[in-house]
Amino acid sequence: MNMKHQTGHDVVILGAGYAGLSAAIQLACRTRRLANVRVTVVNAQERFTERLRLHMTASGQRVAELSVPDLLDGTGARFARGWVTAVDAGARTVRIDDEHVLPYDTLVYALGGVTDTAAVPGVADHAYTLDGAQDAEMLAGRLAGLGGGTVVVAGSGLTGVEAAAEIAERHPKLKVVLLGRREPGAAMHPKAGAYLRSALDRLGVTVRSGVEVTKVLPHGVQLAGGEIMPAAAVLWTSGTRVSPLAAAAGLAVDDRGRIITDAALRSVSHPEVFAVGDAAAVRQGYGLMHGTCQGGMPTGVHAALSILRVLNGEQPRPFRFGYYHMPVSLGRRDAVVQFTRPDDSPRRLFLTGRLAARYKETVTAAPWPTWGRMKKSPALGAFWPRGGRYTRSGAAR
Ligand SMILES: Cc1cc2nc3c(=O)[nH]c(=O)nc-3n(C[C@H](O)[C@H](O)[C@H](O)COP(=O)(O)OP(=O)(O)OC[C@H]3O[C@@H](n4cnc5c(N)ncnc54)[C@H](O)[C@@H]3O)c2cc1C
C-alpha cells in the first residue's frame, strides 16, 4: 500500500503520555506536508501528566503545568480531549466519552498503566495513589493538614522510595514508614543500594522490608501475621495494571492485559494497531520490557517510523532498545543514578549526591527539549541505545 496514492489515512493515537506524545510528534512532523495523512491524539485531559514528578506534587511542591495542545503546537496533529471508552477493532473505530465515534486506519495504543488498586482489599477505598496530578494533589492536601502522625508508603520499588524520601524531606514532623517485600534498592549494585538506604535513614524514613500488606484500613494497614500499623495516610505504589480496553476489543494481550507486539511494535493479532509505552508487552532479547519513560519514548518514536514505512509500502524495522540507567531521586538534594547493562542489570558504576540529583533533574526535564528538537528535525528524536548484543536477533529470550 503506498499512501501517497491514497485519498486519506487516519492515524489515531490514544493517550498523550510520554510514549503517545513521542509517537504523535514524530509522525505528525514527518507527515505535516502530506494532506492525506491525518494524525489525531486523544487524551483524557488537556494537562500533560508529568508522572516523573508526581511524587513531588504529592509532597506539596508546585510543578509546571504543561498542556498537551501546546506540546503538539506546530506539528499539525489534532487534539481531542475525552475518555476512550471502547475500541472496536473490527470496525476500526474508537468510542470517546461513550458518545463520539472516531474512525481510524491505523491506531497507536498508548494508554499507559495505573496503580493496581484491586490486588489488596481496601486499597481502592482508603489509599492514595500517584496515578495523576489530581491523585497526587489529594495526598498533598491530606499531608498539609497533618500536624504529625505516620504516613505509610506501601511498595519499596523505585516509585515508593522516591515518594517516601520526598514526603520525609518536605514534612519532617511526619513519621514516614516505607513497607515492602524487598529491600529498597535491591535491584541496584550492593554499594548503590546501601547508599540509597542510608539516604532514606538520614531523611528519617523507617524501612520495613520482607513484609506483606494484606489490607488497607481507614486508619492504617494490616500486615501478614495480623499486625496493624496505624497511619494517618497510606500511599499505595505497589503493582500496576493496564486498561481493560485492549482485551475487551479482542486484541491479543498478555496475562497483565498489555498488547502483545511483534518486533515492529504492531499488535500480533491486529497489525493496524501499534502498541507503545506501559500498555504494550514489548519483547527484547533479554525479555519483556518493563514500564519506564526511558523505554516508552523510543517505542513511540519507533511506532511512528514503522507507520511511515508501512504507508510507503516498506517493511517496518524491528524495535531494539537497551536500558542504560536507573535514576532515583532521594528528595531534592540527593539521588542515586545506577548505570545499567542493556537488560537493566546493574553495572558497578553509579552516581550519588548533588551530582546525581542534577542528573536526575536533567533526565526528568528531558522530554521537552527532545520533543522540541523533534519538531525542528524529526530525525533528531530517533536516537536511543539499541542494546547491542543484548537485542540482536537471536539473543536469548
Ligand atoms: C512517581 C513516578 C515516578 C516515575 N519515575 C520514573 C523515572 O524516573 N524514569 C522512568 O523511566 N520512568 C519513571 N516512571 C514510570 C513512567 O512514568 C511510565 O513508565 C511512563 O509514564 C509511561 O508512559 P506512557 O506514555 O506509556 O503512559 P502515561 O505516561 O501513563 O500516559 C498515558 C496517558 O493516557 C491517558 N489515558 C489513560 N487511559 C485513558 C482513557 N481511557 N482515555 C483517555 N486517555 C487515557 C492518561 O491520562 C495519560 O495521559 C515513574 C512513574 C511514577 C508514577
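Adding -39500 (n - 2.57) for every DSSP H run of four residues or longer, then dividing by how many residues the chain holds, sets the calculated 222 nm ellipticity at -8000 deg cm²/dmol. Between the C-alpha center of the stretch 31-86 and that of the stretch 244-282 there is a gap of 22 Å. For the chain, the longest principal axis of the Cα atoms and the long axis of helix 293-311 meet at an angle of about 10 degrees.
By the rule of a C-alpha distance below 18 Å, with chain neighbours fewer than 8 residues away ignored, the aspartates and glutamates paired with Lys375 are Asp70, Asp73.
Longest stretch of the chain clear of exposed loop sites (chymotrypsin sites (Phe, Trp or Tyr not before Pro), DSSP loop, at most 14 other Cβ atoms within 10 Å, sites excluded): 84-382. Beta bridges per DSSP, both residues in the chain: antiparallel share near 50 percent.
Pull up the DSSP beta bridges for the stretch 26-131 and report the antiparallel fraction as a percent, rounded to 5.
DSSP beta bridges in the stretch 26-131 are roughly 70 percent antiparallel.
Would you mind classifying the stretch 252-348 by shape? Square roots of the alpha carbon gyration tensor eigenvalues, ordered a ≥ b ≥ c; an a/c under 1.5 is rounded, otherwise it is prolate if a/b is larger than b/c and oblate if not.
prolate
Treating r as the C-beta distance of Ala252 and Asp88 and R0 as 22 Å, the FRET efficiency rounds to 0.85. Compared with the dominant principal axis of the Cα atoms in the chain, helix 133-144 is inclined by about 10°. Among the GluC sites (Glu not before Pro) within the stretch 1-106, those in coil by DSSP and having at most 12 neighbouring Cβ atoms inside 10 Å are Glu65, Glu99.
Selection among His219, Ala154, Ala168 by position relative to the dipole of the stretch 123-236 gives Ala168 as farthest towards the positive end (Cβ unit charges, Cα centre). Taking Cα atoms only, the orientation of helix 18-31 departs from the longest principal axis of the chain by about 20 degrees.
Each residue of the stretch 342-347 is assigned a 3J(HN,Hα), and the resulting list reads x, 8, 6, 6, x, 8 Hz, derived from the Karplus form 6.51 cos²θ - 1.76 cosθ + 1.60 (θ = phi - 60°), x at Gly and Pro. The order of Ile25, Ile260, going from fewest to most other C-beta atoms within 10 Å of their C-beta, is Ile260, Ile25.
Here's the picture: charge each Lys and Arg Cβ at +1 and each Asp and Glu Cβ at -1 in the stretch 17-153, and of Thr115, Thr57, Val101 the one pushed furthest to the positive end of that dipole is Val101. Given +1 at the Cβ of Lys and Arg, -1 at the Cβ of Asp and Glu and no other charges, the dipole of the stretch 123-236 around its Cα centre is 380 debye to the nearest 20. For the chain, the dipole from Cβ point charges (+1 on Lys and Arg, -1 on Asp and Glu) about the Cα centre works out to 1580 debye, to the nearest 20. Shape class for the chain, computed from the alpha carbon gyration tensor (a ≥ b ≥ c): prolate, with a/c not under 1.5 and a/b above b/c. Taking every DSSP bridge with both residues inside the stretch 123-236, close to 35 percent are antiparallel. Charge tally for Arg62 (other residues, Cβ to Cβ under 15 Å; Lys, Arg +1; Asp, Glu -1): 0.
The local environment of Arg341, defined by Cβ-Cβ distances under 14 Å, has a net charge of +2 under the rule Lys, Arg +1 and Asp, Glu -1.
No value in this document is a laboratory result; all are computed from the given coordinates. Every value quoted in this text rests on a predicted model; they were computed, and no experiment measured them. Ideal geometry is used to build each Cβ from the backbone, glycine not excepted, and the neighbour counts take in all protein chains shown.
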